[in-house]
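What follows is calculated from the coordinates using simple rules that are stated; it is not laboratory data. Please read these numbers as outputs of a predicted model, since none were measured by experiment. Please note: Cβ atoms are built from the backbone with ideal geometry, for glycine as well, and neighbour counts cover all protein chains shown.
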Amino acid sequence: MKHGEVLCTIQRMSVAPIAITGMGCICAAGRNLPESMEAIFRGERHPAPSVRFTSNHPVRYPVFEAADFEEPPDLLRTSAFALHAAREAVADAGLDRKTLGALRVGVCVGTTVGAVMSEETFCRGYLAGDVPDMAPIRRILRSNPADVLAREFGLSGPRQTVVTACSSSTDAVGIAGSWIRAGLCDVAIAGGADELGRITYIGFISLMITDDSPCKPFDKNRKGLNLGEGAAMLVLASEPVARRTGMRTRSFLLGYGSAGDAYHLTAPRPDGAGLRNAISEALTTSGVSSASVAFVNAHGTGTPDNDRVESRVLNDMLPGIPFLSTKGYTGHTLGAAGAIEAVFTAACLEMGNVPANAGFETPDPEIPNTPVREVTAVSGTFALSESLAFGGNNSVIVLGKA
Amino acid sequence: MSGTDRIVIEGIGVVGGFGCGISDLSRALNESVGRPGTLTLSTGSGTVPISAFRADVSRLEEFIPVRALRRIDRFSRLGLLGSHLALTDAGLPEAERPRLGIIIASGYGASGITYAFLKSFTHDGDICASPTYFANSVHNSAAAHISIELGAMGPSLTVSQFHLSVPSALATARLWLAEGRVQRVMFGAVDELSELIGYIRHRTRDAAPAATMIPLRTEMETSIPAEGAAFLLLAREGAARGGYCTLDASTTGSLPIPGGPFPEPGLL
């Protein structure tokens with residue numbers, strides 16, 4: 001395969017739409033989805049140095065923390081976020097425990113931190129030759145996000161914790177849709193969750209891709225990302241099951257595509273071939289033409305590389321289609337980002353409006369298009385939500401208005 | 001899935017305490033011989049050697065130049081070696097590699113490099129954190145290195161949920177093939193026995209590992225910690241170029257205990 005050649009081996013038909021019957025979210029923008037949408041459309045954002053941890057790094061980078069949220073001592077904050085968002089989504093779907101128990105319900109959750117076997121206090125103690133308390137390790141072992149949700153809701157269907165870095169929860173939503181189409185479950189709770197902690201914070205600073213001011217996706221003067229935290233969950237069901245159980249369909253998951261860059265561990269492939277393949281597969285499986293897309297919720301981290309590659313691919317494949325990044329309101333929530341942006345996308349389709357791309361002021365001559373600059377009405381029926389990730393993962397879902 | 005959608009195992013790549021490659025594994029199984037090595041742990045009461053099955057990844061140099069391996073950690077090396085062995089075993093033409101999907105299952109991920117990253121800033125301050133260690137500490141680092149090395153641009157997935165990782169990830173591999181997303185999936189299970197994981201295992205057990213494992217002996221624990229990688233090159237039956245056998249099912253589920261207490265972890 002030549003460099004830059006788009007992989008066109010996937011000869012797939014469009015697939016059955018999956019009903020999205022419930023959504024939940026927690027992030028820096030709000031403690032639930034309605035609160036988050038209101039804040040975003042008001043243009044509010046409050047990145048600030050962490051109030052939960054400290055660092056001896058000379059620069060205090062702003063982050064987006066979920067305010068006023070305390071996790072229980074026996075759970076990772078990540079899994080507590082996942083539970084919080086899942087409870088909102090399940091309630092939004094109108095499902096009670098009895099109904100959940102009578103259905104085959106799967107759970108698919110994307111995360112990064114929620115599956116990592118390291119805890120700083122424990123590791124520092126070990127490194128110092130102490131005998132560190134095992135409580136943090138036991139907390140990790142009992143906090144695998146998909147397991148926690150399955151246990152909480154008594155779910156008997158398939159469960160999976162996806163760890164494809166920043167595309168984790170877009171992949172989780174896409175995979176859960178496939179489970180339902182394949183008849184592996186009737187309903188799925190799918191999404192993502194990630195907490196922000198010192199290790200992640202210091203790691204991203206070390207990569208020199210964090211902005212010491214509020215992030216500016218797609219702006220000429222962008223310097224990098226701001227980290228965030230949170231979770232979002234979607235309740236997915238086949239249309240017949242949604243009808244049978246009396247669930248209201250809020251929107252549809254129509255298609256999913258993912259593809260690798262095969263290029264670099266942390267940088268996107270300059271020609272965007274992986275992202276092109278992912279968009280192509282997502283559109284093909286959804287049966288949606290590029291011209292009929294109302295808007296794109298882009299990955300838009302605010303790093304120079306990501307935004308340059310992503311905007312060029314969008315300009316080539318979806319020319320003239322409005323696009324924006326919502327990370328200016330939430331920060332980059334890593335494994336939760338895809339799910340948070342999926343519920344924002346679905347909510348925007350319902351509302352017929354998209355918010356401004358926060359932080360964008362100055363067009364970049366290297367970027368061929370400009371994101372949405374103010375609250376804008378959208379009249380179409382379909383929208384894309386994109387995630388790009390370390391490891392060269394690119395994942396895209398297509399959502400449709402109910 | 002229908003009969004035409006059967007999944008064939010075209011190639012196998014394995015590395016672990018038994019050796020490297022399917023012939024070493026066959027020999028170990030046929031001879032019923034397991035010879036654990038040693039992992040030395042630093043503990044609060046001095047160093048403790050424990051029995052452990054360690055993998056030798058030196059054969060990776062047959063496939064990748066040493067220079068290119070410098071920045072690749074042990075977790076990803078296990079994955080790279082397993083995947084190359086499976087490709088070689090299957091005899092897959094190089095032209096087919098860009099179309100591969102990749103799925104990795106790991107219980108604990110890149111724990112060694114994650115701990116190394118933490119050490120990089122513990123003594124000398126947060127500003128000294130290693131970007132190379134951090135970049136390699138993501139759970140999908142092995143999948144990423146395999147994708148880059150093979151030029152594989154199909155979909156890529158990494159699953160991590162302790163002991164359930166393999167059946168859960170295998171179920172998705174079957175799904176991708178059944179959906180026609182890809183013709184082939186490089187499926188791999190990878191876990192490293194890092195110092196950190198070894199220490200945690202040591203702390204969760206009352207006694208040091210036995211010198212010999214005696215599976216199914218319930219009155220006493222004889223498990224020995226181990227590491228390794230097992231890769232299967234999976235293909236749809238219609239596309240397969242021969243192979244070992246078919247993989248006809250992989251399912252996961254839960255015994256529902258609504259609102260039940262969190263069970264005390266008995267893992268590792």
Fraction of antiparallel bridges per DSSP, the stretch A:282-402 only, in percent to nearest 5: 60
Loop-located GluC sites (Glu not before Pro) in the stretch A:40-89, at most 15 other Cβ atoms within 10 Å (DSSP): A:E44, A:E70
Under-5 Å amide H pairs with A:D364, H placed in peptide plane, nonlocal only: A:K220
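Out of the DSSP beta bridges found with both residues in the protein assembly as shown, what percent are antiparallel (nearest 5)?
Numbers: 70 of 101 bridges.
Bridges in the protein assembly as shown that DSSP calls antiparallel: roughly 70 percent.
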Inter-label distance, nm, simple model (7 Å from Cα along the C-beta direction), B:S23/A:D316: 4.5
Inter-chain Cβ neighbour average for residues B:119-132, partner chain, 10 Å: 5
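How would the protein assembly as shown be classified by its alpha-carbon gyration tensor: rounded, prolate or oblate, with rounded meaning a/c under 1.5 and the a/b versus b/c comparison settling the rest? Kindly include the intermediate steps, with their values, before the conclusion.
Working: a/c = 1.42, a/b = 1.27, b/c = 1.12.
It is rounded, given that a/c, with a ≥ b ≥ c, falls under 1.5.
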Cα-projected label distance for A:S14 with A:T370, points at 7 Å along beta-carbon direction, nm: 3.4
Residue-averaged [θ]222 nm for chain A, counting only DSSP H segments that reach four residues, each worth -39500 (n - 2.57): -9500 deg cm²/dmol
For A:278-285, mean number of other protein chain Cβ atoms within 10 Å: 1
Placed amide H near B:V14: partners under 5 Å, 5+ positions off or other chain: B:G21, B:I22, B:F231
Top positive-direction residue, dipole computed over the protein assembly as shown with Cβ charges, set A:S213, A:M233, A:G154: A:G154
Lysine pair number, Cα distance threshold 28 Å (strictly under), the protein assembly as shown, separation 8 or more or different chains: 5
For B:V159, distant residues with modelled amide H under 5 Å away: A:V163, B:I104, B:A105, B:S106
The stretch A:135-203-the stretch A:50-99 distance, computed between alpha-carbon centres (Å): 14
Residue-wise HN-Hα coupling along the stretch B:120-137, computed from phi with Karplus coefficients 6.51, -1.76, 1.60 (Hz; x: Gly, Pro): 5, 10, 5, 8, 9, x, 4, 5, 8, 4, 8, x, 5, 4, 5, 4, 7, 7
Average beta-carbon neighbours from other chains, 10 Å sphere, peptide A:44-57: 1
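With charges set only on the Cβ (+1 for Lys and Arg, -1 for Asp and Glu), what does the dipole of the protein assembly as shown come to about its Cα centre, in debye to the nearest 20? List each step's numbers first, then the result.
Working: 57 positive and 66 negative charges, 151 e Å.
Dipole about the Cα centre, nearest 20: 720 debye.
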Contour excess over end-to-end distance, with Cα ends at A:H264 and A:N353 and 0.36 nm allotted per residue: 28.4 nm
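Report for chain A the percent antiparallel among DSSP-assigned beta bridges with both residues inside it, nearest 5. Don't jump to the answer; show the numbers that get you there.
Values: 41 of 61 bridges.
Counting DSSP beta bridges with both partners in chain A, the antiparallel share is about 65 percent.
Compute the length gained on full extension between B:A68 and B:A210: take 0.36 nm times their separation in residues and subtract their Cα-Cα distance, giving the result in nm to one decimal.
Values: separation 142, 0.36 × 142 = 51.12 nm, distance 3.79 nm.
Once the chain is fully extended between B:A68 and B:A210, it gains 47.3 nm.
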Neighbour net charge for A:D261 - beta-carbon separation under 11 angstrom, K R +1, D E -1: +1
Exposure rule at most 14 other beta-carbon atoms within 10 Å, DSSP loop trypsin sites (Lys or Arg not before Pro): chain B longest free segment: B:72-204
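Between exposed GluC sites (Glu not before Pro) in chain B, where DSSP calls loop and at most 16 other Cβ atoms lie within 10 Å, what's the longest gap? Walk me through the numbers on the way to the answer.
On the way: sites that count: B:E219, B:E221, B:E237.
No qualifying site falls inside B:1-218, the longest such stretch.
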In order through the stretch A:220-233: 3J(HN,Hα) via Karplus (6.51 cos²θ - 1.76 cosθ + 1.60), integer Hz, x for Gly, Pro: 4, 9, 5, 10, x, 9, 10, 7, x, 8, x, 7, 8, 9
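Treating only the Cβ atoms of Lys and Arg (+1) and Asp and Glu (-1) as charged, compute the dipole magnitude of chain A about its Cα centre; round to the nearest 20 debye.
On the way: 35 positive and 41 negative charges, 159 e Å.
Once rounded to the nearest 20, the dipole reads 760 debye.
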Charge dipole of the stretch A:85-131 about the Cα centre (unit charges at C-beta), most positive-ward option of A:C123, A:G101, A:A86: A:G101
Simple spin-label estimate for B:A249 and A:A402 in nanometres, 7 Å along Cα-Cβ: 3.6
